[in-house]
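Visitor: One structure is given below, represented as structure tokens, and several questions about it will come after.
Any read-out appearing in this document is the output of simple, stated calculations on the displayed coordinates, not a laboratory observation. Every value quoted in this text rests on a predicted model; they were computed, and no experiment measured them. Positions of Cβ are generated from backbone atoms using ideal geometry, with glycine treated the same way; all protein chains shown enter the neighbour counts.
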Amino acid sequence: MPFAKFSNLDFDQIRTQIKDYLRANSNFTDFDFEGSNFSVLIDTLAYNTYISAFNSNLVVNESFLDSATLRENVVSLARNIGYVPRSKTAARASIIFQVQTGSSSPTLTLQPGLVCTGAQDDTSFVFSISEQVTTVVNNGIAQFGTTEDPLKVLEGTFLTSQFIVDGSLEQRFILENGSIDSSSIVVYVKGAADPGLGNQYKEVDNIVNVNSSSETYLIQEIQDEKYELLFGDGIFGKKLENGAVITVQYIVTSGVEGNGPSIFSYAGSLEDSLGNVVVPTVVPTITTINAASNGGEIEPLDSIKYFAPRLYSAQYRAVTARDYETIVQSIYPNTESVSVVGGEELSPPEFGTVFITIKPKNGEFVSDFDKNNILTKLKSYSLTGINQKIVDLQVLYVEVDSFIYYNSSQVANVNDLKSKIITSLTSYAKSSDLNRFGGRFKYSKVLNVIDNIDKSITSNITRVKIRRNLNALINQFAQYELCFGNRFNVKPEGLNIKSTGFRIQGQSDTVFITDTPNADKLTGVISIVKRDETTGTNIVVVKSAGTVDYVHGEVNLTTINIVSTDKPNNIVEVQAFPESNDVIGLQDLYLEFNIPNSTINMVKDTITSGEQISGVGYKVTSSYANGELTRT
């Protein structure tokens, strides 16, 4: 008799099905399956079936990109559609230094390998280069790097691998070291009788414009996070000659751990034009232009699963916003999030231009060097007539003012509970909902997170604020526009918009900005005011200093000259109250849940604790930013 169901794959369910099957047979109608040795045989059959079902399910899951869990399988499936996962990325520092030498050589060459050492958190890191750098000697001094074009050094150890081509074998060229920064790989190929290292081959990521004489190679990740080099077959790419020597130079890095060092000590190796070792007469002093940054870990599995099919669908051309997002991630591995906005979506529109905003993994801004490098590489993907422009990051901060009610009879130390709340909110702030372009602050989730932190928490009243930072041009007349991308809450009396203090030309006192709604409650006037400490009121300094659009969430300041700010780095923080507690990072706004600037107020719940059974004296917190009330 066949089984009626095949969907039950748990051990107990399989065991029950076998018993039911046997009972359906007239020979076993009255058989005792529980108290006999037959029970052991049934358990064995069920166990064998369970293991077979588990293995079959595992094999099937590992055959598809979405469900695979082993890195080797995910990488293999991504490779089938032409995707190479990002390697570990070495932290890069920009330095310059001079070498004094008594050599008469017209040039000095800094050899591949160790250049300097740097320290961070009591740990030393080595910084290397994978290609030699040659510079001219003037009056016995050789300058490596300039302020405009500094020397780039990578955190990690420089290594070399060599292979001899044997055409009689099915040969693979595998770099046996893990943690390689694939962007540091330099490949030379020379004939058996040729001098030196030979010709330098170039890495390509596709076979477009590759012919039979192209000296190119491809890389692919294989098992254990190692890399294999692939060379041409004489049709696509130049075929390697029998006996040719392949020299591969690369850097093995610590990844993100190498970020931070800013003080370096020279440890390089120099040669003159004749190949003789040169020792500096004075140990070079290294000047740091940019501290080590942008180190990153190997691409995780969820990122591979997300970007591999999208890069394949892009087919190496940037047309849609999703194409740009994927391609930027591949050419700039330090990308955390990307926003791409077509010029036609702006007001006023700028047709024929694509605006790209990048949030790097470390810091908030992409350097000018990296911007130029990204734009140069994008040219090979973009369509003719479409221009790309990288704009600086605009962060929309979400802050909360939360009043947490707790049962004092269940709390030993209220400060410990407060710390626990801050820790949980910080963890939530790192979730996929936030800290990205197009992110969304979900008010109900935050309330739920707070309520579920500890059983002593009885409720919470949480207010939401949004903030943008105005980067003031000090001692310059300028106009400013801040777009929040979310509709503002409008209170008739004003004070919907607030700012931190700053000073303007002709006014020695600290001033602030605030707003007064117009009669239509859709727009308003921005005023500059100062605080009268005696009366506690605001004195208007400039009545009409700009406008506010409550519907579109925009603040515009007319021409003013800011001479200093209370906040460091010439920042004026401008705060608003959103109409909706669900805040969205619109277009090029990067949404960040800012816990350090949020306020956590602990309020004793006197009713739950039994201190105020009737509720007299119970403190009631308003859901709006207008203070607390006491129930009397």
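Visitor: When the helices in the chain are scored as -39500 (n - 2.57) per DSSP H run of 4 or longer and the sum is shared across all residues, what 222 nm value do you end up with, to the nearest 500 deg cm²/dmol?
Guide: -5500 deg cm²/dmol
Visitor: What are the semi-axes of the equivalent ellipsoid of segment 158-252, taken as the square roots of 5 times the eigenvalues of the Cα gyration tensor, listed largest first and rounded to whole Å?
Guide: Semi-axes (√(5λ), whole Å): 20, 16, 13.
Visitor: Size of segment 315-392 along its principal axes in angstrom, Cα-based, largest extent first?
Guide: Extents along the principal axes, in whole Å: 32, 29, 21.
Visitor: Turning to a different aspect of this structure: Do you know the relative contact order of segment 106-222, to the nearest whole percent, from alpha carbon pairs under 8 angstrom that are 6+ apart?
Guide: About 17 percent, as a whole number.
Visitor: In bins 20 Å wide, starting from 0, what share of all Cα pairs of the chain does each bin hold, as a percent?
Guide: Values per bin, smallest distances first: 14, 35, 32, 16, 3, 0.
Visitor: What ranking do ILE453, ILE246, ILE474 get, fewest neighbouring Cβ atoms within 10 angstrom at the top?
Guide: If I rank by nearby Cβ atoms, fewest first, I get ILE474, ILE453, ILE246.
Visitor: Let me ask another. Within a Cβ distance under 15 Å of GLY295, other residues only, what is the Lys/Arg minus Asp/Glu net charge?
Guide: -3
Visitor: Between THR146 and ASN570, what length comes free when the chain is fully extended (0.36 nm per residue of separation minus the Cα-Cα distance, one decimal in nm)?
Guide: 149.8 nm is the gain from fully extending THR146 to ASN570.
Visitor: Okay, next question. Check the straight Cα-Cα distances from LYS491 and name the lysines below 16 Å, setting aside those fewer than 8 residues away within the same chain.
Guide: Once the sequence-local lysines are set aside, what remains near LYS491 is LYS465, LYS521.
Visitor: Working out 0.36 nm times the residue gap between ALA53 and GLU579, then minus their Cα-Cα distance, what length gain in nm do you get to one decimal?
Guide: 184.0 nm
Visitor: Can you pull out the trypsin sites (Lys or Arg not before Pro) in segment 152-202 whose DSSP state is coil and whose Cβ has at most 12 other Cβ atoms within 10 Å?
Guide: Taking segment 152-202 and a limit of 12 other Cβ atoms within 10 Å, the loop trypsin sites (Lys or Arg not before Pro) found are ARG172.
Visitor: At a temperature of 20 °C and a viscosity of 1.002 mPa s, determine how fast segment 277-329 diffuses translationally according to Stokes-Einstein, using the Kirkwood radius over alpha-carbon pairs as Rh; express D in µm²/s, rounded to the nearest whole number.
Guide: 143 µm²/s
Visitor: For ILE539 and ASN372, FRET efficiency with R0 = 60 Å and r from the beta-carbon atoms, rounded to 0.05?
Guide: About 0.80, to the nearest 0.05.
Visitor: Compute the separation of the alpha-carbon centres of segment 439-491 and segment 262-313 and state it in Å as a whole number.
Guide: 39 Å
Visitor: So, one more: What span do the alpha-carbon atoms of segment 241-325 cover on each of the three principal axes, reported in whole Å from largest to smallest?
Guide: Reported extents, whole Å, longest axis first: 57, 46, 25.
Visitor: Counting just the Cα atoms, what span does segment 55-98 cover along each of its three principal axes? Round to the nearest Å and put the largest first.
Guide: For segment 55-98, the Cα spread along each principal axis is 64, 20, 12 Å.
Visitor: Only counting other Cβ atoms within 10 Å, I'd like LEU396, LEU77, LEU169 sorted with the fewest neighbours first.
Guide: The order, fewest Cβ neighbours first, is LEU169, LEU77, LEU396.
Visitor: Then there's this: Net charge within 14 Å of LEU154 by Cβ-Cβ distance, Lys/Arg positive one each and Asp/Glu negative one each, not counting LEU154 itself?
Guide: The answer is -1.
Visitor: Please arrange ASP122, ASP451 by counting, for each residue, the other beta carbons lying within 10 Å of its beta carbon, fewest first.
Guide: By the 10 Å Cβ count, ascending: ASP122, ASP451.
Visitor: Compute the signed sum of charges (Lys and Arg +1, Asp and Glu -1) over the other residues within less than 11 Å, Cβ to Cβ, of THR109.
Guide: Charge balance near THR109 sits at -3.
Visitor: A follow-up question, please. Please work out the Cα convex hull volume for segment 461-531 and give it in Å³ per residue.
Guide: 132 Å³
Visitor: Okay, moving on. Between GLU72 and ARG322, what is the spin-label point distance in nm, taking each point 7 Å from the Cα along the Cα→C-beta axis?
Guide: Result for the modelled spin labels: 3.2 nm.
Visitor: Provide the per-residue ³J(HN,Hα) series for segment 249-260, in order, calculated from phi with Karplus coefficients 6.51, -1.76, 1.60 and θ = phi - 60°, each as a whole number of Hz, with x at glycine and proline positions.
Guide: Using θ = phi - 60°, the values come out as 10, 7, 10, 9, 10, 8, x, 5, 5, x, 6, x Hz.
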